[in-house]
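A.B. asks: Take this structure, written in structure tokens, and hold onto it; I'll ask about it next.
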Amino acid sequence: MFIGLDIGGTKILGALFDENGVSKKKEKRKTKASEGLEVVQKEIFKTIDNLLAGIKIKEIEAIGIGIPGLVDREGTITFSPNLPFRNYELAKILEKRYKVPVFIGNDVNVATVGEWMFGSGKGKKNVLGVFVGTGIGGGIIIENELYIGKNGAAGEIGHINLDPNGPFCGCGSRGCLESLASKTAIQKEIETRIYRGEESLILKSLKENGILKSGPLRDAYLKKDVVVVEAVSKAAENLGRGLASLANIFNPEVIVLGGGVMVELGKELLPIVTREFDRFAMIDIAKNTEIKMAKLGDDAGIIGALALAKEEMAKKPKSKLGE
């Protein structure tokens with residue numbers, strides 16, 4: 001059996017899986033990130049302990065974990081933007097406590113591995129996973145291997161540059177894909193147009209929540225709110241162009257699109273993304289690259305963590321998936 005954990009800034013999701021990848025038990029807890037490292041660590045322990053209730057530890061083959069941020073090949077979290085982790089040796093800590101192998105990866109890389117093994121990338125050797133939410137992250141599978149680069153930072157797809165004079169990005173640069181196609185980019189575009197005097201159905205939700213929520217965004221889009229439709233369509237066009245650049249470099253068999261924006265509006269946006277992709281990708285690459293929606297949904301993190309653990313256990317000693 002395996003344990004998969006998806007550790008985020010606000011919650012920890014965990015699941016106990018059998019050998020066939022069937023979930024036998026799930027656990028959900030608050031991360032409590034604002035309370036510091038020791039508290040978060042205790043919540044991780046409690047999540048695993050609850051999943052192990054009634055199970056002998058010798059029945060567990062490995063634990064897989066997805067977490068936002070940079071993770072090195074040994075399972076040390078060098079940096080996490082939403083968690084109090086800096087050079088935190090989580091894999092070693094958990095291995096010492098539970099006496100089973102622990103494999104940790106960046107959450108988007110882990111989700112990509114999940115889609116490759118169990119979702120829309122199943123059966124393919126070369127896969128790009130692109131997840132569009134507050135930011136844009138990606139994972140890269142090359143010839144059945146997750147590519148993580150020298151220090152685990154590969155896959156920062158959101159920071160390829162499309163327009164050096166474009167809007168500022170959170171990374172400090174300008175015109176990154178993330179600043180042009182993420183939910184944050186959509187929100188800024190909508191707010192700018194509202195500030196200029198245009199009306200939009202999304203205004204009430206923005207005032208109530210302070211941030212753009214994917215559900216209200218979908219509702220306004222389907223009601224053909226002009227400001228929302230044009231802002232979202234613009235983001236989808238930029239996404240398609242960015243994917244074309246990536247495909248020209250990596251020549252994947254399939255690009256899998258996930259994340260909150262695509263979960264809510266993927267059906268509507270996919271034709272726009274594909275149109276722009278076909279315009280800017282090289283002809284042979286465009287003809288031979290599928291663009292598909294992710295299948296795993298909210299379980300992408302825990303299923304990806306399972307996939308990470310299974311893949312690593314199948315290739316002892318530890319290798320390229322240790323990010």
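A.B. asks: Say each of residue 288 and residue 46 gets a label point 7 Å from the Cα, pointing the same way as Cα to Cβ; how far apart are those two points in nm?
C.D. replies: So the two model labels end up 5.3 nm from each other.
A.B. asks: Give the Rg (one decimal place) followed by the Dmax (whole number) of segment 132-211, computed from C-alpha coordinates and expressed in Å.
C.D. replies: Rg, Dmax (Cα atoms, Å): 16.0, 51.
A.B. asks: A further question follows. Between residue 201 and residue 278, what is the spin-label point distance in nm, taking each point 7 Å from the Cα along the Cα→C-beta axis?
C.D. replies: Here the answer is 2.9 nm between the modelled labels.
A.B. asks: If you don't mind, there's one more thing I want to ask. Test of understanding: extend the Cα→C-beta vector of residue 249 to 7 Å, then name every residue of segment 122-142 with backbone N under 19 Å from that spot.
C.D. replies: 126-133, 135-142
A.B. asks: Just need the relative contact order of segment 147-248 here, percent rounded to a whole number, with Cα pairs under 8 Å and 6+ apart. Don't jump to the answer; show the numbers that get you there.
C.D. replies: Details: 102 pairs, mean separation 22.6, N = 102.
Worked out over segment 147-248, it gives 22 percent.
A.B. asks: What is the ratio of the Cα radius of gyration of the chain to 2.2 N^0.38 Å, where N is its residue count, to two decimals? Before the final figure, lay out the partial values.
C.D. replies: Numbers: Rg = 19.9 Å, N = 323, 2.2 N^0.38 = 19.8 Å.
It is 1.00.
A.B. asks: Among all the aspartates and glutamates, which ones have a C-alpha under 18 Å from residue 24's C-alpha, if same-chain residues fewer than 8 places away are not counted?
C.D. replies: 6, 49, 59, 61, 298, 299
A.B. asks: What is the Cα coordinate range of segment 26-161 on the first, second and third principal axes, sorted by size from largest, in whole angstrom?
C.D. replies: 43, 33, 26 Å, listed from the longest principal axis down.
A.B. asks: For segment 29-84, what does the relative contact order come out to in percent, with C-alpha contacts under 8 Å and a separation of six or more?
C.D. replies: Working: 35 pairs, mean separation 17.9, N = 56.
Computed value for segment 29-84: 32 percent relative contact order.
A.B. asks: OK, next. As an exercise, use a Förster radius of 56 Å and the Cβ-Cβ distance of residue 224 and residue 143 to find the FRET efficiency, rounded to the nearest 0.05.
C.D. replies: On the way: r = 44 Å, r/R0 = 0.79.
Taking R0 as 56 Å, the efficiency between residue 224 and residue 143 is 0.80.
A.B. asks: Still on this structure: Based on the alpha carbons, how large is the Rg to Rh ratio for segment 190-295 when Rh follows Kirkwood?
C.D. replies: Values: Rg = 15.5 Å, Rh = 14.7 Å.
That ratio is 1.05, to two decimals.
A.B. asks: What is the Å³ per residue value for the convex hull set by the Cα atoms of segment 1-75?
C.D. replies: Details: hull volume 7.6 nm³, N = 75.
It is 101 Å³ per residue.
A.B. asks: Out of all DSSP beta bridges with both ends in the chain, state the antiparallel percent to the nearest 5. Can you show the working numbers first?
C.D. replies: Values: 26 of 45 bridges.
The answer is about 60 percent antiparallel.
A.B. asks: Measure off 7 Å from each Cα along the Cα-to-Cβ vector at residue 57 and residue 82, then give the distance between these two points in nanometres to one decimal.
C.D. replies: Result for the modelled spin labels: 3.1 nm.
A.B. asks: Could you grab the relative contact order for the chain? Cα pairs under 8 Å, six or more apart, rounded to a whole percent.
C.D. replies: Relative contact order for the chain comes out at 21 percent.
A.B. asks: Going through the DSSP H helices of the chain, which span 15 Å or more along their own axis at the Cα atoms while scoring at least 0.0 as a mean Kyte-Doolittle hydropathy? Could the numbers behind the result be given before it?
C.D. replies: Numbers: long enough: 37-52 (23 Å, 0.35); 107-118 (16 Å, 0.55); 183-195 (18 Å, -0.78); 226-250 (36 Å, 0.96); 260-280 (25 Å, 0.29); 300-313 (19 Å, 1.00).
Passing helices, by number: 37-52, 107-118, 226-250, 260-280, 300-313.
A.B. asks: Check which residues have an amide H placed less than 5 Å from residue 166's amide H, if you skip close sequence neighbours.
C.D. replies: Residues meeting the amide H criterion: 175.
A.B. asks: Show that you can apply the helix-only estimate: for the chain, add -39,500 (n - 2.57) for every DSSP H stretch of four or more residues, divide by all residues, and state [θ] at 222 nm to the nearest 500. Provide the component values of the computation, followed by the final result.
C.D. replies: Details: 11 runs with 136 residues, N = 323.
Computed mean residue ellipticity for the chain: -13000 deg cm²/dmol.
A.B. asks: Let me ask something else about it. Ratio of alpha-carbon Rg to the 2.2 N^0.38 Å globular estimate for segment 61-111, to two decimals, please.
C.D. replies: Values: Rg = 10.3 Å, N = 51, 2.2 N^0.38 = 9.8 Å.
Here the Cα radius of gyration is 1.05 times the empirical estimate.
A.B. asks: Whole Å is fine, so just give me how far the alpha carbon centre of segment 1-26 lies from that of segment 224-279.
C.D. replies: Computed from Cα coordinates, the inter-centre distance equals 30 Å.
A.B. asks: Give the cross-link partners of residue 267 among the lysines, using a straight C-alpha distance below 20 Å as the criterion and excluding same-chain residues fewer than 8 apart.
C.D. replies: In chain and number order, the partners are 183, 213, 223, 224, 234, 292, 295.
A.B. asks: Hey, how many Å between the Cα centroid of segment 169-221 and the Cα centroid of segment 79-150?
C.D. replies: 28
A.B. asks: Computed FRET efficiency, Cβ-Cβ of residue 209 and residue 99, R0 35 Å: what is it to the nearest 0.05? Spell out each step's value before the answer.
C.D. replies: Numbers: r = 44 Å, r/R0 = 1.26.
Efficiency computed from Cβ-Cβ geometry: 0.20.
Since every read-out is calculated from the coordinates, none of them should be taken as a lab result. Predicted model only: the values in this text are computed from it and were never measured. Counting neighbours? That spans all protein chains shown, and the Cβs are built from the backbone with ideal geometry, glycine included.
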